[in-house]
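What follows is one structure encoded as structure tokens, with my remarks underneath.
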Amino acid sequence: MKGFGFMTRSLVEKLSDVVGAAFSARDLPADLGAVRVSDRPDLAQFQCNGAMAAAKIAGKAPRDIANDIVGTLAGHGDLSRVDIAGPGFINLDVTDDYLAAHLRDMAGDSHLGVPQSGSGQTVVLDYGGPNIAKPMHVGHLRSAIIGDSLRLMMRYAGFKTLGDVHMGDWGTHMGMIVSEFIRTGATDRILGIDLEDEEQIDALMGELGVMYPQIAAACKEDPARKEEALAATVKIQNKESPYFDLLQLIRKASVNGMRRNYALLGVHFDLWKGEADVHDLIAPMVADLKAKKLAVESDGATVIPVKRDDDKKEMPPLILYKRDGGVMYGTTDLATIVERVSLYDPARIIYVVDQRQHLHFEQLFRAAMAGAVTRPDVALFFAGFGTMNGTDGKPFKTRAGGVMKLEDLIAMALDKARERLDEAALAQDMDEAEKNDVAHKVAIAAIKFADLQNQRTSDYVFDLDRFAAFEGKTGPYMLYQAVRIKSLLRKAYVTNDIDIDIDTMFRDLWNNDVSLREGDRSLALQLAQFSDAFDAALRHYMPHHLAEYGYQLANSFSSFYANCHILSEDDPAIRQSRLALCVLTYKVLETTLAMLGIAIPRRM
RNA sequence: GCGCCCUUAGCUCAACCGGAUAGAGCAACUGCCUUCUAAGCAGUAGGUUGGAGGUUCGAGUCCUCCAGGGCGCGCCA
């Protein structure tokens, strides 16, 4: 690749510098020169709205100020057009050469222009939370998809990321199950289960799946039964035998299923920890908080008050020990902060959890800060997400009204994908293994893209028929566009059907001059927006900005593909430049999809 | 009762720090497969951004009130 260094500024940032300097030259704040992509593409490529804001400061008419700025910018070699529109908008176009040079910088940058803002800092992300002994269900889908996406984005931006599954293995539900095994005399049988034997594990999980709803119902009806479960919970937490032994066995058996589910989804965790892992940190932590007079007795429980005088809402204390001596999730969550800070020294801890737990995390963060169990420079962030609803607008359920298992949901998506693949007749020449692989990638892309294109914080309607229709703004559409580029490049490089090395092509193509013309311009401008979209997504922990960007890029490419000759272009320089644009589009699209946890098949 | 969130096209959703004519997808309608994958492209139609005030040169976005919906509020997670 021709020599150019790291790219540190996006196109709009560079233009903001230029226009900002023009404002400075008129003794106006440089930040008024902020340039953004025009929302009137029919009028201009970029716009600056600063002249209108400057009117007050300068005591002049916006159009007069805009006139001054335009005067300063006129003749700038990189701008092909600068003019004023409406009340004082400054409209800008860049030259094709400048745009091409920018793309060249981007192509030469190891991260396609995304700044390495993480600079090696560690961040812990918490996006699992499945309970052991229970099958994973659709409620685990959003945290997994969003959390993994945030992890991938942060890693790309130069953070050292640690995703923790943080399974629920220390609560009352375990007391219910363990007490049931003990009361029915099943202890020896359960403890005799061979954890190397898949069949025995599956049998146990099946048994637990049937058992749990029954016990939960029994505890609800019968206070004595509930007491028994709560007592067992305390015994587990005191690591008494055989209570704790039962828990450990169930936990080990449960992890199998979790790994299988997350593997199907293509969601990765670095740490497979649970609430139980921090148990030994709890007693010293509470002792310390008591010594500091932060933890106090209240109604027989030990709590940390977190209410402030200026609170408008009620703010209950964080409970550390219940009256019966048992710990709650606030306790383990607090101890988990202690553990994470001491083991990993993170700059941030991010919780990707259902929005409904917002209050709990506010209590937790306040307790953590007040109790100084963490350092003040460790940012604790609650990235809450909305509920996944069914087409009726109510929380997603099976037709029968029950909770749908995650594996069933994935299987349904897989069926749809396979069905559509058969209809399309395109996959006919694939063998069964490849067909399955493509169907799986299509199914996961459908599910993930459908989720991630929604704003994280809002509820969304899960409608598999719509997602898997594979038309319009869907994951499969994204894959389709990526695969078309790959196919085109494969043809350009005449390697028959052998898998091509995109990186080699990428270097080859960008080692030549790249020039742009009319039909290439909108795709090129779209490519230049990558790092801005990435930044928006990262800054707010909102992957939908990247999903939206990816769709627009795929769409721009599809237009370009339909309207421009590429392989059939006679002029070798134009053909070469367009191929360079294609390979950069592929790289950016692939990276964008990768950040969303979506993998592209070789063909489809 | 207290508090938080939401209401944008028939449906599902976007709109970065308040900016021009509020954008997509689906559904509907019209074109386009002897150039590279039609799971596609180009186009038409569809809106008083729940309602009423206010701030502002400018409001889907900020403030107040109202209507409708969702969620959370001490020993479950």
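Would you tally the residues in the range A:213-239 being closer than 13 Å to residue A:326 by Cβ and surrounded by fewer than 14 Cβ atoms within 10 Å (Cβ to Cβ)?
Number of matching residues: 2.
Each row is one residue, and each column tells you yes or no for (1) among the aromatic types (Phe, Trp, Tyr); (2) out of contact with any helix residue (DSSP H, G or I) (no Cβ under 6 Å at 6 or more places or on another chain); (3) more than 9 Å from RNA strand B (Cβ to nearest atom).
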| site | (1), (2), (3) |
| --- | --- |
| A:409 | no, no, yes |
| A:413 | no, no, yes |
| A:439 | no, no, no |
| A:487 | no, yes, no |
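Looking only at the range A:344-380, count how many residues are farther than 24 Å from residue A:155 by Cα and more than 16 Å from RNA strand B (Cβ to nearest atom).
Going through the range A:344-380, the residues farther than 24 Å from residue A:155 by Cα turn out to be A:355-373.
Now narrow it down to the ones that are more than 16 Å from RNA strand B (Cβ to nearest atom): A:368-369, A:372-373.
Total satisfying the criteria: 4.
Find the residue count for the range A:308-328, including only residues that are more than 6 Å from RNA strand B (Cβ to nearest atom) and either over 20 Å from residue A:285 (Cβ atoms) or outside any loop (DSSP other than H, G, I, E, B) (or both).
Here is the first cut: in the range A:308-328, the ones more than 6 Å from RNA strand B (Cβ to nearest atom) are A:308-311, A:315, A:318, A:320-321, A:324-327.
Filter once more, so that each one left must be either over 20 Å from residue A:285 (Cβ atoms) or outside any loop (DSSP other than H, G, I, E, B) (or both): A:308-311, A:315, A:318, A:320-321, A:327.
Looking only at that region, the number is 9.
One line per residue, one yes/no per condition, for (1) more than 9 Å from RNA strand B (Cβ to nearest atom); (2) among the basic types (Lys, Arg):
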| site | (1), (2) |
| --- | --- |
| A:462 | no, no |
| A:468 | no, no |
| A:477 | no, no |
| A:481 | no, no |
| A:507 | yes, yes |
| A:513 | yes, no |
| A:521 | yes, yes |
| A:528 | yes, no |
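Using the structure shown, decide if residue A:563 is under 30 Å from residue A:435 (Cα atoms), surrounded by fewer than 22 Cβ atoms within 10 Å (Cβ to Cβ) and within 12 Å of RNA strand B (Cβ to nearest atom). Before the answer, list the steps.
Values: under 30 Å from residue A:435 (Cα atoms): no; surrounded by fewer than 22 Cβ atoms within 10 Å (Cβ to Cβ): yes; within 12 Å of RNA strand B (Cβ to nearest atom): yes.
The answer is no for residue A:563.
Evaluate the following for residue A:597: is it part of a loop (DSSP other than H, G, I, E, B) and crowded, with 16+ Cβ neighbours inside 10 Å?
Working: part of a loop (DSSP other than H, G, I, E, B): yes; crowded, with 16+ Cβ neighbours inside 10 Å: yes.
Yes, satisfied.
Among residues belonging to the range A:157-207 that are of a type outside the set (Asp, Glu) and assigned to a strand (DSSP E or B), point out the one that is surrounded by the most Cβ atoms within 10 Å (Cβ to Cβ).
Taking the range A:157-207 first, the residues of a type outside the set (Asp, Glu) are A:157-163, A:165-168, A:170-179, A:181-187, A:189-193, A:195, A:200-201, A:203-206.
If we keep only those that are assigned to a strand (DSSP E or B) too, we end up with A:160-163, A:167-168.
Values: A:160: 17, A:161: 23, A:162: 19, A:163: 27, A:167: 22, A:168: 19.
Checked the range A:157-207; the qualifying residue surrounded by the most Cβ atoms within 10 Å (Cβ to Cβ) is A:163.
Checking the structure you have, find out if any residue of the range A:94-109 is buried (at least 16 other Cβ atoms within 10 Å of the Cβ), in contact (Cβ under 8 Å) with a residue 12 or more places away in the chain and within 15 Å of RNA strand B (Cβ to nearest atom).
Checked the range A:94-109: at least one residue is buried (at least 16 other Cβ atoms within 10 Å of the Cβ), in contact (Cβ under 8 Å) with a residue 12 or more places away in the chain and within 15 Å of RNA strand B (Cβ to nearest atom).
Which one of A:546, A:553 is in contact with a Phe, Trp or Tyr (Cβ under 7 Å, 6 or more places away or on another chain), more than 6 Å from RNA strand B (Cβ to nearest atom), at pLDDT 95 or above and within 30 Å of residue A:492 (Cα to Cα)? Step through it out loud before you land on a result.
Numbers: A:553 fails: in contact with a Phe, Trp or Tyr (Cβ under 7 Å, 6 or more places away or on another chain).
Of A:546, A:553, the one residue that is in contact with a Phe, Trp or Tyr (Cβ under 7 Å, 6 or more places away or on another chain), more than 6 Å from RNA strand B (Cβ to nearest atom), at pLDDT 95 or above and within 30 Å of residue A:492 (Cα to Cα) is A:546.
How about the range A:47-93: which of its residues are within 14 Å of residue A:22 (Cβ to Cβ), of a type in the set (Asp, Glu) and buried (at least 18 other Cβ atoms within 10 Å of the Cβ)?
A:68
So, residue A:220, is that one within 16 Å of RNA strand B (Cβ to nearest atom), over 26 Å from residue A:403 (Cα atoms) and basic (Lys, Arg) or not?
Numbers: within 16 Å of RNA strand B (Cβ to nearest atom): yes; over 26 Å from residue A:403 (Cα atoms): no; basic (Lys, Arg): yes.
Here the answer is no, as residue A:220 does not meet what is asked.
How many residues, within the range A:390-432, are of a type outside the set (Gly, Ala, Ser) and assigned to a loop (DSSP other than H, G, I, E, B)?
Taking the range A:390-432 first, the residues of a type outside the set (Gly, Ala, Ser) are A:391-392, A:394-399, A:403-410, A:412, A:414-416, A:418-423, A:426, A:428-432.
Those left that are additionally assigned to a loop (DSSP other than H, G, I, E, B): A:391-392, A:394, A:396-399, A:403-404, A:430-431.
Count: 11.
Return the only residue of A:85, A:61 being in contact with a strand residue (DSSP E or B) (Cβ under 7 Å, 6 or more places away or on another chain) and either outside the structural domain of residue A:354 (by TED's automatic domain parsing) or in contact (Cβ under 8 Å) with a residue 12 or more places away in the chain (or both).
It is A:85.
Would you mind finding the one in A:81, A:36, A:40 that is near RNA strand B (Cβ under 8 Å from one of its atoms), charged (D, E, K, R) and assigned to a strand (DSSP E or B)? Show your work before the answer.
Working: A:81 fails: near RNA strand B (Cβ under 8 Å from one of its atoms); A:40 fails: assigned to a strand (DSSP E or B).
Only one candidate qualifies: A:36.
Report yes if some residue within the range A:351-362 is assigned to a loop (DSSP other than H, G, I, E, B), modelled with pLDDT of 95 or more and assigned by TED's automatic domain parsing to the domain that holds residue A:142; otherwise report no.
Applying the first criterion (assigned to a loop (DSSP other than H, G, I, E, B)) to the range A:351-362 yields A:352-353.
Filter once more, so that each one left must be modelled with pLDDT of 95 or more: A:352-353.
Within this subset, residues satisfying the condition of being assigned by TED's automatic domain parsing to the domain that holds residue A:142 are A:352-353.
Yes.
Please tell me if residue A:133 is within 16 Å of RNA strand B (Cβ to nearest atom), out of contact with any strand residue (DSSP E or B) (no Cβ under 9 Å at 6 or more places or on another chain) and at pLDDT 95 or above. Before you say what the answer is, go through the steps one by one.
Details: within 16 Å of RNA strand B (Cβ to nearest atom): yes; out of contact with any strand residue (DSSP E or B) (no Cβ under 9 Å at 6 or more places or on another chain): yes; at pLDDT 95 or above: no.
Considered against the rule, which asks whether it is within 16 Å of RNA strand B (Cβ to nearest atom), out of contact with any strand residue (DSSP E or B) (no Cβ under 9 Å at 6 or more places or on another chain) and at pLDDT 95 or above, residue A:133 comes out as no.
Could you pull out the residue among A:341, A:286 that is surrounded by fewer than 19 Cβ atoms within 10 Å (Cβ to Cβ), more than 9 Å from RNA strand B (Cβ to nearest atom) and closer than 25 Å to residue A:164 by Cβ? Full working, then the answer.
On the way: A:286 fails: surrounded by fewer than 19 Cβ atoms within 10 Å (Cβ to Cβ).
Just one listed residue meets the conditions, A:341.
Go through the range A:230-277 residue by residue and tally those that are outside any loop (DSSP other than H, G, I, E, B) and either within 37 Å of the chain's Cα centre (by Cα) or on the phi > 0 side of the Ramachandran plot (or both). Don't jump to the end; show me each part of the working.
We begin by selecting, within the range A:230-277, every residue outside any loop (DSSP other than H, G, I, E, B); these are A:230-237, A:243-265, A:271, A:274-277.
If we keep only those that are either within 37 Å of the chain's Cα centre (by Cα) or on the phi > 0 side of the Ramachandran plot (or both) too, we end up with A:230, A:233-234, A:236-237, A:244-265, A:271, A:274-277.
The number of residues fulfilling the criteria is 32.
Suppose we filter the range A:64-78 for residues that are outside any loop (DSSP other than H, G, I, E, B) and among the acidic types (Asp, Glu); how many remain?
Within the range A:64-78, the first condition is being outside any loop (DSSP other than H, G, I, E, B), and the residues that meet it are A:64-73.
Of the ones still in play, those that are also among the acidic types (Asp, Glu) are A:64, A:68.
So the answer is 2.
The values are calculated or read from the model by the stated rules, or taken from the named source; none is laboratory data. Everything numeric in this text was worked out from a predicted model, so none of it was measured. Using ideal geometry, Cβ is built from the backbone for each residue, glycine included, and neighbour counts are taken over all protein chains shown.
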